[in-house]
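K.L.:
My questions will all concern the structure given below.
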Amino acid sequence: MRRCITGLFLASLILTRSTLKTEAQEPHSTIPPRKTFELAGRRAFVILPPAEKQKDGPLPWVWYAPTLGKNLPGRQEAWMFTRFLDRGIAIAGIDVGESYGSPEGRAGYQTLYEELTKHRGFGPKPVLLARSRGGLMLYNWAVEHPESVGGIAGIYPVCNLTSYPGLKRAASAYEMTADELQEQLTAHNPIDRLAPLAKNKVSIYHLHGDMDKVVPLAQNSGELAARYKALGGPIELEVIAGQGHNLWQGWFQSVALTQFVIEEALSE
């Protein structure tokens, strides 16, 4: 059901029941094989589409976050990843640790971007796919490089440092005290930094549950959607009724989100 909401939710918003059916519900328990490599002391990965699926020219790609250890991305993402690969779209990421979108983490992301676009034939405008705290990482890179973003998709993404992990916990990653981070919050908090993305008309699509207690809807995707819409940015927020911060299959087998990513990745 699509409806316009005044107040907090100023974006186009879809309210979907958690019983939503998705295409081809077959389980995919194994993530496609990835190639890992070291980059500036960090572990990065790429998953390439089969050679017969690749088109001439720069390789379209999806930038996934967070990449942490060997568990993320994980088997939950396999369903959508196989569909990206089938359309000739690569997937990549880099492990910058629990950086919470800090300047050091953003610098690591820029290193990956330059490696892939300058030396490995990847296209200049990846679609960013942020799961949970990956939202802090990808949004804070994106707002500093809006011309290099093909679109942003989020699965209950963190968009607000004060909501998660909280300033006290995030401060060490920023090499500040909590009070110092509070004073400089607008320079580091995704919801406060959206203007460059809106100016460049970067399309955004979020999935978020209305029962999320870890990354609450109102302070994260809801607030981001309201502010982005107010700035004139194109955004769609799909709120899933009755779901929280969990491994429900519908997050990772969403036809709408998967199609959004594919369309934006192939539009360049």
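K.L.:
Do we find that ALA142 is hydrophobic (A, V, I, L, M, F, W, C) and either on the phi > 0 side of the Ramachandran plot or free of Cβ contacts under 8 Å to residues at least 12 places away in the same chain (or both) in this structure?
P.N.:
Spelling it out, it is not the case that ALA142 is hydrophobic (A, V, I, L, M, F, W, C) and either on the phi > 0 side of the Ramachandran plot or free of Cβ contacts under 8 Å to residues at least 12 places away in the same chain (or both).
K.L.:
Based on this model, can you work out whether GLU238 counts as out of contact with any helix residue (DSSP H, G or I) (no Cβ under 8 Å at 6 or more places or on another chain) and not polar (S, T, N, Q)?
P.N.:
So GLU238 does not fit the description; no.
K.L.:
If you don't mind, another one. Within the range 210-235, track down each residue that is in a helix (DSSP H, G or I) and touching a strand residue (DSSP E or B) at 6+ places or on another chain (Cβ under 8 Å).
P.N.:
ASN220, SER221, GLY222, LEU224, ALA225, TYR228, LYS229
K.L.:
Another one. Which is over 14 Å from the mean Cα position of the chain (by Cα), crowded, with 21+ Cβ neighbours inside 10 Å and either within 19 Å of LEU48 (Cα to Cα) or not aliphatic (A, V, I, L, M) (or both), of LEU112, LEU129?
P.N.:
On inspection, the qualifying residue turns out to be LEU112.
K.L.:
Here's something else I'd like to know. Just to confirm my filter: which helices (runs of 4 or more DSSP H) fall fully inside the range 112-190 and include at least 2 residues that are more than 24 Å from GLY74 (Cα to Cα), at pLDDT 95 or above and of a type outside the set (Asp, Glu)?
P.N.:
Fully inside the range 112-190 and qualifying: 167-170, 178-183.
K.L.:
Just need a number here: residues in the range 77-111 that are in contact with a strand residue (DSSP E or B) (Cβ under 9 Å, 6 or more places away or on another chain) and part of a helix (DSSP H, G or I).
P.N.:
Residues in the range 77-111 being in contact with a strand residue (DSSP E or B) (Cβ under 9 Å, 6 or more places away or on another chain) and part of a helix (DSSP H, G or I): 8 in total.
K.L.:
Sticking with this structure for a sec: How many of the residues making up the range 236-268 are assigned to a loop (DSSP other than H, G, I, E, B) and acidic (Asp, Glu)?
P.N.:
Selection size over the range 236-268: 1.
K.L.:
Go through (1) assigned to a loop (DSSP other than H, G, I, E, B); (2) in contact with a strand residue (DSSP E or B) (Cβ under 8 Å, 6 or more places away or on another chain) one by one and return the number of the condition LYS70 breaks.
P.N.:
Status for LYS70: all satisfied but (2).
K.L.:
Out of (1) charged (D, E, K, R); (2) within 29 Å of VAL239 (Cα to Cα); (3) touching a residue at least 60 places away in the same chain (Cβ under 8 Å), what's the single condition that is false for ARG75?
P.N.:
(3)
The values are calculated or read from the model by the stated rules, or taken from the named source; none is laboratory data. Remember, it's a predicted structure, so these values are computed and weren't measured experimentally. Glycine gets a Cβ as well: all are built from the backbone with ideal geometry, and neighbour counts include every protein chain shown.
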